Amino acid sequence: MAEQQKKPKKITPKRLYNIAVYYLQRYESSVESLRRVLIRRIDKSALVHEIDKDEAVEWAEDVIKKMMQFDFVNDERYSENQIRSMFQKGTSIYKMKAKLKSKGVPDETIETALSLFVSVTDNVDMRVAVKYAKRRRFGAFRQSKEVRKEKRNKDMAAMSRAGFDFGSSKTVIDAETLEELEEFLT
């Protein structure tokens, strides 16, 4: 016996507000991501209930403005936190920009957050490349020199796919010892 799917409740301004608050309690979000969540909920409700979608979208915009006034959603803070997190994981700057752009963060906000981060950190490209190589155990982070030579091309390709330039990738992969890379890990 197939379980019946719950039908969505009718969208009201109060309901949209509650949806936004609940979502922002669980996830840090960009303004555009919150907008997408609210629009998706409006669309689901519109399939079952007769509602004016244009009016509901206006309600969603009002809710977003309130969330911004309360500082529950803030693209600058979101992008800075995401960049910090991605830096710790060893994500390339190219991938950082792409991820933030996919979340709907404006280009100038991304550039501002990156410039703040880059101004504090020296040689960012090499640092994140070394962190990525360490996490994936590429180059000098491999135990065996034979395996290191055997896997060099695959490691270079993986670094390239991850968004690192050839120079950074070559330096990290071809390093003979961990001491050569240690300056980038501190």
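Where Lys and Arg each count +1 and Asp and Glu each count -1, what net charge lies around residue 78 among other residues with Cβ under 12 Å from its Cβ? Before the final figure, lay out each step's value.
Working: positive: 77, 84, 99, 103; negative: 28, 32, 71, 75, 76, 80.
Net of charged neighbours comes to -2.
List the pairs from 6/44; 131/151; 131/170; 9/103 whose alpha-carbon separation is above 23 Å, in the order I gave them. Kindly include the intermediate steps, with their values, before the conclusion.
Values: 6/44 11 Å; 131/151 18 Å; 131/170 14 Å; 9/103 27 Å.
Pairs exceeding the cut-off: 9/103.
Using the charge dipole of the chain (Lys, Arg: +1 at Cβ; Asp, Glu: -1 at Cβ; taken about the Cα centre), state which of 33, 153, 64 has its Cα farthest towards the positive end.
About the Cα centre, the residue reaching furthest to the positive side is 153.
If you line up the Cα atoms of the range 124-185 on their principal axes, what length do they span on each, largest first, in Å?
So the three principal-axis extents are 30, 25, 18 Å.
When 130, 124, 48 are ordered from fewest to most other Cβ atoms inside 10 Å of their Cβ, what list results?
On the way: 130 27, 124 18, 48 11.
In increasing order of surrounding Cβ atoms, one gets 48, 124, 130.
If I take R0 = 22 Å and measure r between the Cβ atoms of residue 179 and residue 150 in this structure, what FRET efficiency does the formula 1/(1 + (r/R0)^6) give, to the nearest 0.05?
Values: r = 23 Å, r/R0 = 1.04.
According to the calculation, E is roughly 0.45.
I need 172, 37 ordered by Cβ neighbour count within 10 Å, fewest first. Please report the intermediate quantities before stating the final value.
Working: 172 26, 37 18.
The order, fewest Cβ neighbours first, is 37, 172.
Where does the range 27-120 land on Rg(C-alpha)/(2.2 N^0.38 Å)?
1.28
Would you mind ranking 174, 125, 54 so that the residue whose beta carbon has the fewest other beta carbons within 10 Å leads the list? Please list the in-between numbers first.
Values: 174 14, 125 18, 54 8.
Lowest to highest Cβ neighbour count: 54, 174, 125.
Which distance in Å, rounded to a whole number, links the C-alpha centroids of the range 15-39 and the range 66-145?
The distance from the Cα centre of the range 15-39 to that of the range 66-145 comes to 23 Å.
Expressed in nm to one decimal, what extension gain is obtained for the pair residue 6 and residue 49 from 0.36 nm per residue of sequence separation less their Cα-Cα distance? Walk me through the intermediate numbers first.
Numbers: separation 43, 0.36 × 43 = 15.48 nm, distance 1.33 nm.
Length gained, residue 6 through residue 49: 14.2 nm.
For the range 75-120, compute the orientation-averaged projected area of the C-alpha convex hull (one quarter of its surface), in nm².
Directional mean of the projected Cα hull area for the range 75-120 stands at 2.7 nm².
Give a quick list of GluC sites (Glu not before Pro) in the range 1-53 that DSSP marks as loop, anything other than H, G, I, E or B, with at most 15 other Cβ atoms within 10 Å.
3, 28, 50
If you wrap the chain's Cα atoms in a convex hull and average its projection over all directions, what's the area in nm²? Intermediate results must be reported in sequence, preceding the final value.
Working: hull surface 62.8 nm².
Average projection, Cα convex hull of the chain: 15.7 nm².
Apply 1/(1 + (r/R0)^6) to the Cβ-Cβ distance of residue 166 and residue 71, taking R0 = 41 Å, and write down the FRET efficiency to the nearest 0.05.
Details: r = 42 Å, r/R0 = 1.03.
Efficiency at R0 = 41 Å is approximately 0.45.
Explain nothing, just the number: dipole magnitude of the chain about its Cα centre with +1 on each Lys and Arg Cβ and -1 on each Asp and Glu Cβ, in debye rounded to the nearest 20. Provide the component values of the computation, followed by the final result.
Details: 38 positive and 30 negative charges, 225 e Å.
So the magnitude is around 1080 debye.
FYI, it's all coordinate maths here, none of it is from the lab. Only a predicted model underlies this, so the values are computations on that prediction, with no experimental measurement involved. Neighbour counts are summed over all protein chains in view; Cβ atoms, including those assigned to glycine, are modelled from backbone coordinates with ideal geometry.
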